[in-house]
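S.K.: There's a structure below that I have some questions on.
The values are calculated or read from the model by the stated rules, or taken from the named source; none is laboratory data. Quick caveat: nothing in here was measured; it's all calculated off a predicted structure. Note that each Cβ is placed from the backbone with ideal geometry, even for glycine, and that neighbours are counted across all protein chains shown.
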Amino acid sequence: MTPRSTMKERASAALRDEFLRRAVKTTTDKLFLGRRLAQQSYEDWERLRDRGRAIRAHVIDNLDFYLGRLTDRVRANGGQVHLCREAADVVRVVTEIAARRGARSVIKSKSMVSEEVRLNRALEEIGVRAVETDLGEYIVQLAGEMPSHIIGPAIHKNRQQIAELFSREAGRPVAPDTESLAAFARRRLREEFLRADIGITGCNFAVAETGSVCLFTNEGNGRMVTSLPPVHIAVMGMERIVPTLEDLEVMMHLLPRSGTGQKLTSYVTIVSGPRREGESDGPEEFHLVIVDNGRSRLLRDPRFREALYCIRCGACLNVCPVYRQIGGHAYGWVYPGPIGAVITPLLQDDLDRWGDLPFASTLCAACSEACPVKIPLHDLLVRHRARYVAAGKAGMAERAAFRAFRRVFGAAKKYKVAVGAAEKLLRLWVRDGHMAPRVPGLKGWTDSRDFPALARRRFRDLWPELEKESPGQKGGKAHG
Ligand code: SF4
């Protein structure tokens, strides 16, 4: 796929990849079931979701205040804060630190924001080797790909494919069994940890009251990245703040349960500035890079502001019937699935290139139900579609079809005539009580699924009889 390909082209390519579809389905099923069980084990999950949502809403409504408080506390702890409006500012800040420290190698723990700004490429351009240490991220880095899932970046790869990548890296064959693969990654990454000049992490949450950065990892790599190299740079989206440690505790329940189905992430690391006198480990320098990169656009727009509540758990991906068929790469950028379809057109501020993403949804609302902070993702997708149409981006045929649809559905007489004619036409394709395959005009739909046979009598013709049977229950409640 070319970088300028459309969502439809990328999705079509993904649909032809049987392996990809199986792999994505298997993993998302597992994550989905894990989430259900982990949520059931929490006494009042709905109340917890409400608390999580309230915390996120409060922070986003008072973001200026909390950004100020966080900045003050980090500086008081001895750290340095860099506020970056654009991707280029992030790159400049990080590469300047690397140049000043004479860095040759950087180790990273998972950071979606650094993917957004293409930090690895920028570091490599100035001769600094950047190595991902989250196992999934390491795999996709070796493959030269983007993550395909927020939580499991390499869910589209099987062991054989990973073994090929590791063998190429090792210069010798690495067996495709889990033990050999894990052993290779552990050995290789350990060398990288020990020689790194700078550690770069993301930030699951920053705690405003203490000026701390909190990382959730399952491999312990976050701890090594934040404690071994002499410099730690944490890169965070400007909305990823919680006011207090007590609020962080709510997120500690919500995020792992929704993301991986765990009651608690294996390693929760809280970093509050550089190493202090008397401490045996930790970096000499701590930098917090706070990134806007389009988030202000969301903040200013009441239609999409709620997307900033997102805690990047990935639950909406696992339940989305579209994501489950096409995987993450079809979305074309860093953030896949329903949340990606909502935020990408806004963060990238390019309706021509990304305006088709919100159409990759059935609007079934499974994403909104799964979201731990109750973002109404399906509503946001509809608002995007309205924005796209209002900007005159819909095709001529589509606009004409919807104009006709409005005229027909807006007048009872026209509606009756149109439905009657459509019924007569469709009856021509009924064979032995079934619809024939490939109904003209519906080919795209009936190519891969059955069109149900038309009932002998229409519901609206049955309605008066049904009303007579239950005279007391008007308004459709009895049969609706
Ligand atoms: S939108 Fe909700 S479900 Fe999706 S990643 Fe964000 S927090 Fe998780």
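S.K.: Looking at ALA341 and the list (1) crowded, with 24+ Cβ neighbours inside 10 Å; (2) outside any helix (DSSP H, G or I), which single condition is not satisfied?
M.R.: (2)
S.K.: Can you name the number of the only condition in (1) assigned by TED's automatic domain parsing to the domain that holds MET236; (2) exposed (fewer than 15 other Cβ atoms within 10 Å of the Cβ) that PRO321 fails?
M.R.: (1)
S.K.: Look through segment 349-381, keep the residues that are in a loop (DSSP other than H, G, I, E, B) and under 20 Å from ARG240 (Cα atoms), and return whichever of them is nearest to the chain's Cα centre (by Cα).
M.R.: Here the residue is CYS371.
S.K.: Can you list residue pairs whose Cβ atoms sit under 7 Å apart, with the first residue in segment 307-327 being in contact (Cβ under 8 Å) with a residue 40 or more places away in the chain and of a type in the set (D, E, K, R) and the second being surrounded by 22 or more Cβ atoms within 10 Å (Cβ to Cβ) and assigned to a helix (DSSP H, G or I)? Count only pairs 6 or more apart in sequence or on different chains.
M.R.: So the pair list comes out as ARG324/VAL24; ARG324/THR28.
S.K.: So, one more: Would it be correct to say that SER148 is small (Gly, Ala, Ser) and at pLDDT 95 or above?
M.R.: no
S.K.: Can you find, within segment 348-373, the residue that is nearest to the ligand (Cβ to nearest atom) among those that are out of contact with any helix residue (DSSP H, G or I) (no Cβ under 7 Å at 6 or more places or on another chain) and either among the aromatic types (Phe, Trp, Tyr) or in contact (Cβ under 8 Å) with a residue 24 or more places away in the chain (or both)?
M.R.: This residue is GLU369.
S.K.: What about ALA122, is it buried (at least 22 other Cβ atoms within 10 Å of the Cβ) and outside any loop (DSSP other than H, G, I, E, B)?
M.R.: Here the answer is no, as ALA122 does not meet what is asked.
S.K.: Which of the following residues is of a type in the set (D, E, K, R), part of a helix (DSSP H, G or I) and farther than 29 Å from THR210 by Cβ: GLU164, GLU137?
M.R.: Every option except GLU164 fails the conditions.
S.K.: Can you find, within segment 263-320, the residue that is farthest from the ligand (Cβ to nearest atom) among those that are in contact with a Gly (Cβ under 7 Å, 6 or more places away or on another chain) and among the basic types (Lys, Arg)?
M.R.: Only one residue fits best here, namely ARG275.
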